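Structure first, then comments.
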Amino acid sequence: MVDSTIVLWGQTIAYTCYVLVVMAVVAWFAWRVTRESPGAGVKPAYFYAFVAFLVVLGVSLHVVTYYTIPWKPIDMHRASITPDKTFAIAVGAHKFRLPAEKLLIACNDTVRFTATSDDLTYGFGLFRPDHSMLFQMQVVPGHRNDIVWQFGKPGVYTIRSTEYSGPAGVDMTVKDAVVVSCDQAAGS
């Protein structure tokens, strides 16, 4: 699976360029419309051509980036995937209850995280040491809450709640709770 940080940087560059083009043309349009000289307006053909260009460019960006989303194949075929490991996590009273102190995962393992809430809506997010998010999901009481993920490289991740669940939920963090190792021993 492609690392989500690579995808994020690529999408940041693509969408920043797109927004800069939109801003430049809007500035040009505003400048042309506010001029007092004769024939200073913008011809409708130019305006509609620009709108059509933006639509084609915007849709193209979405179609191209859709295929770069690393979790798309897993999500699309999740019914037929048998995970290598499943971790059942309970959440309640603003605390995560894990099946073990450290959730040990081997590289390239496909893992299903199943989270249940006893009381409120919480979030379940895995964060890298630099505080960037690997993935997250909502944990809604009375509903099936799970996410399937394949870990392609070693790392240590912190679990955090990604939903506001009141003032007591601010500190819902389990530091270094998920350990992904490329050693053979991690899978056992």
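The values are calculated or read from the model by the stated rules, or taken from the named source; none is laboratory data. Quick caveat, the model's predicted, so the values are computed rather than measured. Here the Cβ is made from the backbone with ideal geometry for all residues, glycine too, and neighbour counts use every protein chain on show.
Taking the criterion of being among the hydroxyl-bearing types (Ser, Thr, Tyr) and closer than 30 Å to His131 by Cβ, would at least one residue in the range 44-62 satisfy it? No, the range 44-62 contains no residue that is among the hydroxyl-bearing types (Ser, Thr, Tyr) and closer than 30 Å to His131 by Cβ. Checked against (1) more than 25 Å from Trp9 (Cβ to Cβ); (2) out of contact with any Ser or Thr (no Cβ under 6 Å at 6 or more places or on another chain), Lys153 meets all criteria but (1). Take the conditions (1) in contact (Cβ under 8 Å) with a residue 24 or more places away in the chain; (2) more than 16 Å from the chain's Cα centre (by Cα); (3) surrounded by 14 or more Cβ atoms within 10 Å (Cβ to Cβ); Met133 misses just one of them, which is (2).
Could you tell me whether Val7 is under 30 Å from Asn108 (Cβ atoms) and modelled with pLDDT under 80? Yes: the conditions hold for Val7.
In this structure, does Ile69 turn out to be under 20 Å from the mean Cα position of the chain (by Cα) and over 18 Å from Ala177 (Cβ atoms)? Yes, satisfied.
Annotation note: of Leu61, Leu103, Leu57, the sole residue that is of a type in the set (A, V, I, L, M, F, W, C) and in the same structural domain as Val140 (by TED's automatic domain parsing) is Leu103. Just a yes or no: is a residue in the range 158-165 under 20 Å from Thr5 (Cα atoms), surrounded by 17 or more Cβ atoms within 10 Å (Cβ to Cβ) and acidic (Asp, Glu)? No; the residues of the range 158-165 include none that is under 20 Å from Thr5 (Cα atoms), surrounded by 17 or more Cβ atoms within 10 Å (Cβ to Cβ) and acidic (Asp, Glu).
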